[in-house]
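The values are calculated or read from the model by the stated rules, or taken from the named source; none is laboratory data. Values in this document were obtained by computation on a predicted structure and should not be read as measured data. Because the Cβ atoms are built from the backbone with ideal geometry, glycine has one as well, and the counts that use them run over all protein chains shown.
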Amino acid sequence: MTYAEDQIHRYSEIIKVNFDEPSALKDVQSTLLNCLVQQAIPQVLTHEFDKLLDAGDVTDIRRMFELCRQCTGGEDEVRLQFSNYMKQKGKRIVSMHPDDELVVELLSFKKKIDAIMSGSFNTTNDPVKFRQCLSDAFETFVNIDVEKLAELISKHFHGLLHSGNKNVTDETTLDQMVDDAIVLFRYLRGKDIFEAYYKRGLAKRLFLERSASVDAEKMVLCKLKTECGAGFTYKLEGMFRDMDASENYGILFSQFLDHAKNKEKTNLTVRVITPEFWPTYDTYEINIPKEMRNSLTDYEEFYRSQHGNRNVKWHHGLGSAVVSAVFRPGCKKELVATMYQTVIMLLFNKSDTWTVDEIVECTKIEQMEVVKNVLAMLGGRDRPRVLIKVDDGSGKVNMVKGNSRINKNL
């Protein structure tokens, strides 16, 4: 294509210098385009075009496109091959990359395509068709596995909005990263599936107070509402209304304790949720240790006083607590734990060793949850070793150092 461009330029200059006939220049350029470009288009698009796109060489792609679009049907052929390239490349990305890298790879591919669109195809005769070509191609491979991509895109949002995200340095960076993810979300057909996964991630961030900022959360909701309408974000916005209402309940509960007789002040934070807004959670009663029982009972009494004897239903699996643990003299640590982990740890104030079956019997927590939380407390990468397994064949677990005394602080 460089040779063709040079020859067309060379002979055009000769015609301009030696001939005073406007039609002569047009005829020579048309002849050269037909001989050097038109006849070569099928071979170039089949054997060379994909290599240029893989390399992302905007200059060479633009040169090829400028020559092809001057030929009869050339632009349509380029657009068709460009569409085929995006579909094939996108399908390879979806099939080859692991889940934890997939969304980042798709976003990187989208940025590359955008750079080619703006740098090489910006002189197209029909920009609408090119934009539609891009959208159709991305919709094709993004929806190969709708359930999987909906979950992974929601997890990508969760990572962006989580307080532990170290890749976001300022609001401008976050806003741009959210915009990029919204573009990928736009191609997704299973938006109801995405909403279900997104709701779970949002619930975790709100319950565990792991959200980078409320403003960032609401910024994402605003963008989702713009994309899908108010109906799509109604329940998500309801979750934030519940959190705001819970803050007000907290103030009223503190005042309730101040005016009540024989009730201790407690550092208890309760989130009162409207079930229709939140994900569905399995709930069941567990044995609450005495260190915690009075606080929950006080809140139940307060809530009934506010809502005409309406009862509270606790979701213990969503709770968390700060536990002050003395592992040995002079070694006191504060542990941030789930409610289940807290209930399990408090058992070790009664005995140094417990079997899993004994924990299940004493706490009434389901065995699967007991096993999961005990394994988490055995420690590992980036996790403290709170319990140790007794290697005597009994299956017992023991608190680290064996003689810890734990005090509970909500």
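Please verify whether the stretch 267-283 includes one or more residues that are surrounded by fewer than 12 Cβ atoms within 10 Å (Cβ to Cβ), under 37 Å from the mean Cα position of the chain (by Cα) and at pLDDT 90 or above.
Within the stretch 267-283, one or more residues are surrounded by fewer than 12 Cβ atoms within 10 Å (Cβ to Cβ), under 37 Å from the mean Cα position of the chain (by Cα) and at pLDDT 90 or above.
Can you name the condition, by its number, that Y197 falls short on among (1) in contact with an Asp or Glu (Cβ under 7 Å, 6 or more places away or on another chain); (2) at pLDDT below 90?
(2)
Anything in the stretch 223-271 that is outside any helix (DSSP H, G or I) and touching a Leu at 6+ places or on another chain (Cβ under 7 Å)? List them, or say none.
The first filter runs over the stretch 223-271 and keeps only residues outside any helix (DSSP H, G or I), leaving 229, 260-271.
If the condition is that a residue be outside any helix (DSSP H, G or I) and touching a Leu at 6+ places or on another chain (Cβ under 7 Å), then K263, K265, T266, N267, L268 are the ones that fit.
Exactly one condition in (1) modelled with pLDDT of 90 or more; (2) outside the structural domain of E77 (by TED's automatic domain parsing) is not met by D170; state its number.
D170 satisfies all of (1) modelled with pLDDT of 90 or more; (2) outside the structural domain of E77 (by TED's automatic domain parsing) except (1).
Condition (residue is surrounded by fewer than 16 Cβ atoms within 10 Å (Cβ to Cβ), assigned to a loop (DSSP other than H, G, I, E, B) and not assigned by TED's automatic domain parsing to the domain that holds Y340) applied to the stretch 286-296: is it met by at least one residue?
The answer is yes, given that some residue of the stretch 286-296 is surrounded by fewer than 16 Cβ atoms within 10 Å (Cβ to Cβ), assigned to a loop (DSSP other than H, G, I, E, B) and not assigned by TED's automatic domain parsing to the domain that holds Y340.
Name the one entry in E139, E151, E147 that is assigned to a helix (DSSP H, G or I), out of contact with any Pro (no Cβ under 7 Å at 6 or more places or on another chain), surrounded by fewer than 13 Cβ atoms within 10 Å (Cβ to Cβ) and on the phi < 0 side of the Ramachandran plot. Talk me through it step by step, then tell me what you get.
On the way: E139 fails: surrounded by fewer than 13 Cβ atoms within 10 Å (Cβ to Cβ); E151 fails: surrounded by fewer than 13 Cβ atoms within 10 Å (Cβ to Cβ).
Within the list E139, E151, E147, the selection yields E147.
Being surrounded by 16 or more Cβ atoms within 10 Å (Cβ to Cβ), among the small types (G, A, S) and within 20 Å of K235 (Cα to Cα), is that true of even one residue in the stretch 161-184?
Among the residues of the stretch 161-184, not one is surrounded by 16 or more Cβ atoms within 10 Å (Cβ to Cβ), among the small types (G, A, S) and within 20 Å of K235 (Cα to Cα), which makes the answer no.
Being touching a Leu at 6+ places or on another chain (Cβ under 9 Å) and of a type outside the set (A, V, I, L, M, F, W, C) narrows it down to one residue among H97, H162; which is it? Even if it seems obvious, please write down each step before you answer.
On the way: H162 fails: touching a Leu at 6+ places or on another chain (Cβ under 9 Å).
One residue alone meets the criteria, H97.
Kindly evaluate T283 against the criterion of being in contact with a helix residue (DSSP H, G or I) (Cβ under 9 Å, 6 or more places away or on another chain) and within 30 Å of G159 (Cα to Cα).
Working: in contact with a helix residue (DSSP H, G or I) (Cβ under 9 Å, 6 or more places away or on another chain): yes; within 30 Å of G159 (Cα to Cα): yes.
When the stated conditions are applied, T283 passes them.
Checking H315 against (1) in contact (Cβ under 8 Å) with a residue 12 or more places away in the chain; (2) over 20 Å from G250 (Cα atoms), which single condition isn't satisfied?
It fails just one condition, (2).
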